[in-house]
C-alpha cells in the first residue's frame with residue numbers, strides 16, 4: 001500500500017539576507033506515514049522540527065527533496081494553488097491556537113469551509129457531530145476572548161477536522177495548555193485517531209509524544225531514531241521516550 | 001539617576017518613534033506657521049491703510065480665532081494617539097525599575113524638544129511663507145502688492161504664547177495619564193481581548209433622526225434669513241448624525257447583514273463583514289472626525305470660491321452701471337420730483353467731465369414689507385416681524401420693458417408676478433390700510449432682474465403692474481398703513497460712460513452734490529453708487545473670504561491627512577497578526593491582500609462619500625446663504641462645488657495611496 005505521506009531526502013538551507021551565512025536546518029530527512037497512523041516528531045529546540053513542519057504544511061519550500069501526500073508532490077504545486085491544496089488536504093493545530101478574535105467560535109470553525117465555498121447548510125451539518133465530539137457545542141456562539149485555553153485549542157482542532165483533511169499537522173498543540181487541558185486534548189487526539197484520522201504532531205513534550213503510536217526523533221537535521229508503541233501503555237511509552245531522549249543528549253553527542 | 005540621561009533618552013525616544021513623532025512635529029510646525037501668518041497679516045499696518053482693509057482685518061481676526069481653537073483640539077487629539085501607541089514602551093521603563101517621576105522627567109524633555117523644534121520651525125516657515133501668502137491674498141483682493149519683507153513681533157509673541165501653552169497642556173495630560181496607570185495594565189493594554197461591538201439601537205435611531213432632521217431643514221428652508229438663523233442648527237444635527245452614523249448605524253447595519261446566513265457565509269462577505277465590524281468599532285470616531293473635517297473643507301472652499309468667482313456677477317446685480325444714482329421720491333409733494341430735469345443735470349455733469357454716456361436707463365419702483373397670508377399680502381403687521389412676512393416690489397410694464405425688453409399689455413388689475421413662495425396662485429389680494437387691491441396673475445415669471453438695492457434676504461414678491469397710476473395707488477395704500485415708516489417710490493438710473501474709473505467716481509460725487517440744490521423738488525435721499533468703489537469693497541470681502549476658506553481648508557486638510565496617516569499605521573500593526581493567521585488557515589496571500597485593501601478602501605473612502613452627501617444636501621442652504629451676498633448664479637455655485645469635491649477627492653486619494661504604502665510595509669514586514 002502506498003503511504004499517505006512520504007518525505008524523501010528533505011534538505012533545507014537558510015541563507016542570510018546578503019548570502020553570507022548558510023544555516024543547515026534539515027540535512028537529510030526521510031520518513032513516511034501511513035493512513036490512520038498517529039506519529040510524533042520530537043527534538044530539541046533548533047533540531048529542525050519547525051522547519052520540517054513548515055515544509056510539510058507547504059508554508060515553506062525545501063532546498064531539495066520531495067514531500068508526497070497521497071502520491072502528489074507538494075513541493076511542485078504552484079503558488080496560486082497551494083492555499084487551496086492546504087485547505088482541502090491538511091488540518092492545522094497550532095500552539096497558540098491562531099483563532100481570529102473578531103469571529104465567534106462557530107465562525108472560526110467555519111472559516112476554512114467558507115473559504116472553500118461550501119454552502120451554509122452543509123457547514124451546519126458538519127459542525128454538529130464534530131462539536132459534540134469535542135465538547136464545544138455550548139460555546140459555539142461565544143468569542144475567543146470569552147473561553148478558556150483548552151476550549152480554544154478544541155476549537156482549533158474542530159476547525160482542523162471540519163474539512164475532513166487527509167492529515168492533521170499539530171505544532172506543539174499542548175504548549176500553551178495547563179495539565180488538565182493537556183490531558184483532555186491528548187485523549188481527544190487518541191479518539192480522533194481511533195476514528196481513522198491520520199495525525200502528525202511535532203512536540204518536545206514527552207507526555208504528548210507518549211500518546212502517539214510512533215515517535216520520530218530528529219537531531220541536527222536528520223531522523224536519528226524512532227520507536228513504536230506496539231502494546232505499551234502510556235506510562236511505559238513515556239519511559240521509553242525519556243530514555244531515548246537521555247541517550248540522545250548524552251551518548252548521542254559526538255563532541256561531548 | 002544621572003543628570004544627562006533624561007535629555008538623551010528623550011531625544012532617542014523621539015528619534016526611535018519617528019514614525020509617530022515626525023507627523024506630530026510637522027503638525028505643530030504647520031499650525032504654528034498658519035497661526036503666525038494670519039496673525040502677521042492681521043497686524044500689518046500696511047494692509048490696514050488700503051481700501052476695504054476693514055473687511056480684511058475682520059476676516060483675519062476670525063481666522064486667528066478659528067486656527068487657535070483648531071490648534072488646541074487637534075494637537076490634543078494627535079498627542080492622545082501618540083501616547084496610546086507608546087504606553088507599552090513607558091510601561092517597560094517602569095518595569096525595568098524607572099520610577100514614575102523619572103518617566104515624567106523624560107516626558108518633560110520630550111515635550112521640550114517638540115516645543116523647540118515645532119515652534120521654532122513653525123515660526124521660520126511662517127516668516128518665510130508670510131510674504132508669499134500676502135502676495136496671494138493681495139492678488140485675490142485686487143490690492144496693489146507692497147514691497148518689503150516684514151517680520152511681525154506681535155505675531156511671534158502670540159504664536160509662542162499659544163503653542164507653548166498647548167504643549168504644556170498636552171504634557172500635563174500625559175503626566176496625569178502616567179500617574180494613574182499601572183504598569184501591568186499598560187503592558188497588557190494592546191493585547192486585551194477584542195470585545196465584539198454591541199448594537200446600539202438607540203444611538204443609531206438618534207443618528208438617523210438627527211441626520212434626517214438636518215437634511216430636512218437643509219432641503220425645506222425657503223428664505224435666506226431663515227437659512228442664516230437655522231444653519232447652525234442644521235450643522236449641529238448633521239454633526240451628531242455623522243458621529244452616530246459611524247459609531248452606531250454602521251455596526252447595526254453590519255450586524256444585520258451578518259444575520260443573513262446565506263449571504264454572510266460566502267468567502268467575499270464572511271471576511272469582509274466581520275473585518276468591517278472590527279474596524280468600525282476601533283475607528284468610528286476617527287472616521288467621523290475625518291468626515292466632518294472633510295465636509296467643512298468642502299463647504300468652506302466651495303462656498304468662498306463661488307463667492308469669489310461670482311464677485312463680478314454680484315457687483316452687476318448690486319450696481320448694474322458705472323454710475324447708479326437712486327432717489328427716494330415723496331410722490332405726494334406738490335413740488336414733485338422732476339425726472340427730466342434730473343436727467344438733464346446728470347448728463348451735464350458727465351459732459352462737463354469730458355465723458356460721453358454710452359448707456360442710460362432709468363426706472364421707478366415701489367417696495368414695501370407686508371405680512372403674508374394664504375394668497376394675499378397685508379399691512380397689518382404688529383410690532384416687530386413676528387408674522388410671516390415678505391417684501392413686495394412693484395414696477396410698471398413700461399419700465400419692465402426698458403430693463404428686460406419684454407413686451408406686455410396689462411390691464412388695470414393684471415400683473416406679472418415672480419415669487420419663490422406663491423408659485424401656484426392665480427390671484428393675489430393686497431390689503432394696504434384703507435385700500436384693497438385684487439390682482440389677477442397673468443403670468444408667473446421665471447426670474448426677475450435685480451431692482452435697485454433690494455436684496456433677496458427675505459422672501460420677495462416682484463410684480464409688474466400696468467402703469468404709474470397703479471404704482472401711485474399702491475404707494476398711497478401702504479402710506480395710509482405705515483404713515484411715517486412708509487416707503488417712497490424709488491427712481492433709479494443706470495449710467496455707463498467712456499470715463500476712467502477715477503473720473504466716474506468724481507462724477508458720482510458731483511451728482512451726489514445735486515442733493516444740495518433745490519431743483520429736484522422733494523426727495524428723501526440721493527444715493528449714488530459707483531461700480532468702481534463697490535467693486536473694491538466686494539473684492540475685499542469675497543477675496544478675504546476665499547483666502548480664509550483656502551487657508552483654513554488647507555489646515556483642515558492637513559488634519560485629515562494626519563488622522564488618515566495615524567489610522568493607517570495603527571491598522572497596519574493590528575492587521576499584521578490577523579494576516580498571518582488567515583494565511584495559515586488556508587486563505588491565499590493574494591486574496592487576503594485583496595480583501596484587506598478593499599476593507600481599508602471602504603473605511604477611508606466612506607468619510608469622503610458621506611461628506612459628499614452632506615455637501616449635496618447642504619447645497620440648497622448654501623445657495624440661500626450666498627444670496628445674502630447678492631450671489632444668485634446657482635450654476636456657478638454648482639460648478640464650484642463639483643470642482644472642489646473633485647480636487648479634494650484627488651488630494652484625498654493621493655494621501656490614501658501614500659499612507660497605504662506605509663501600511664503594507666508594516667503588514668508584510
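Things to note:
- Restricting attention to segment B:253-267, the residues being assigned to a helix (DSSP H, G or I), more than 7 Å from chain A (Cβ to nearest Cβ) and loosely packed, with under 15 Cβ neighbours inside 10 Å number 3.
- Unmet requirement for residue B:668, which otherwise passes all of (1) more than 14 Å from chain A (Cβ to nearest Cβ); (2) at pLDDT below 75; (3) over 23 Å from the mean Cα position of the chain (by Cα); (4) surrounded by 15 or more Cβ atoms within 10 Å (Cβ to Cβ): (4)
- Filter result (buried (at least 19 other Cβ atoms within 10 Å of the Cβ) and more than 22 Å from residue B:458 (Cα to Cα)) within segment B:613-640: B:614, B:615, B:640
- Of all residues in segment B:141-153, one or more are in contact with a helix residue (DSSP H, G or I) (Cβ under 7 Å, 6 or more places away or on another chain), at pLDDT below 90, more than 20 Å from residue B:35 (Cβ to Cβ) and surrounded by 18 or more Cβ atoms within 10 Å (Cβ to Cβ).
- All told, residue A:102 meets the bar of being surrounded by 18 or more Cβ atoms within 10 Å (Cβ to Cβ) and within 7 Å of chain B (Cβ to nearest Cβ).
- For residue A:25, the criteria (1) under 25 Å from residue A:205 (Cβ atoms); (2) within 14 Å of another protein chain (Cβ to nearest Cβ); (3) touching a helix residue (DSSP H, G or I) at 6+ places or on another chain (Cβ under 7 Å) hold in every case but one, which is (2).
- In segment B:648-665, the qualifying residues are those that are free of Cβ contacts under 8 Å to residues at least 40 places away in the same chain and closer than 17 Å to residue B:294 by Cα, and the one that is surrounded by the most Cβ atoms within 10 Å (Cβ to Cβ) is B:653.
- Number of the exception - residue B:137 against (1) touching a helix residue (DSSP H, G or I) at 6+ places or on another chain (Cβ under 8 Å); (2) within 28 Å of residue B:171 (Cα to Cα): (2)
Yes/no per residue for (1) closer than 30 Å to residue A:54 by Cβ; (2) within 13 Å of another protein chain (Cβ to nearest Cβ):
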{"position": "B:564", "(1), (2)": "no, no"}
{"position": "B:573", "(1), (2)": "yes, no"}
{"position": "B:577", "(1), (2)": "yes, yes"}
{"position": "B:589", "(1), (2)": "yes, yes"}
{"position": "B:596", "(1), (2)": "yes, yes"}
{"position": "B:603", "(1), (2)": "no, no"}
{"position": "B:624", "(1), (2)": "no, no"}
{"position": "B:630", "(1), (2)": "no, no"}
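- Evaluating residue B:537 against the criteria (1) closer than 30 Å to residue B:306 by Cβ; (2) modelled with pLDDT of 85 or more leaves one unmet condition, (2).
- Residue B:18 being modelled with pLDDT of 85 or more and under 26 Å from residue B:558 (Cβ atoms): no
- Annotation note: of A:79, A:66, A:88, A:73, the sole residue that is over 30 Å from residue A:141 (Cβ atoms), within 14 Å of chain B (Cβ to nearest Cβ) and either modelled with pLDDT of 85 or more or more than 14 Å from the chain's Cα centre (by Cα) (or both) is A:79.
- Residues that are farther than 30 Å from residue A:179 by Cβ, surrounded by 21 or more Cβ atoms within 10 Å (Cβ to Cβ) and either under 20 Å from the mean Cα position of the chain (by Cα) or more than 10 Å from every other protein chain (Cβ to nearest Cβ) (or both) within segment A:113-151 comprise just one, A:113.
- Any hit, segment B:560-569, residues being without any contact (Cβ under 8 Å) to a residue 60 or more places away in the chain, assigned to a helix (DSSP H, G or I) and not assigned by TED's automatic domain parsing to the domain that holds residue B:135: no
The values are calculated or read from the model by the stated rules, or taken from the named source; none is laboratory data. Quick caveat, the model's predicted, so the values are computed rather than measured. Please note: Cβ atoms are built from the backbone with ideal geometry, for glycine as well, and neighbour counts cover all protein chains shown.
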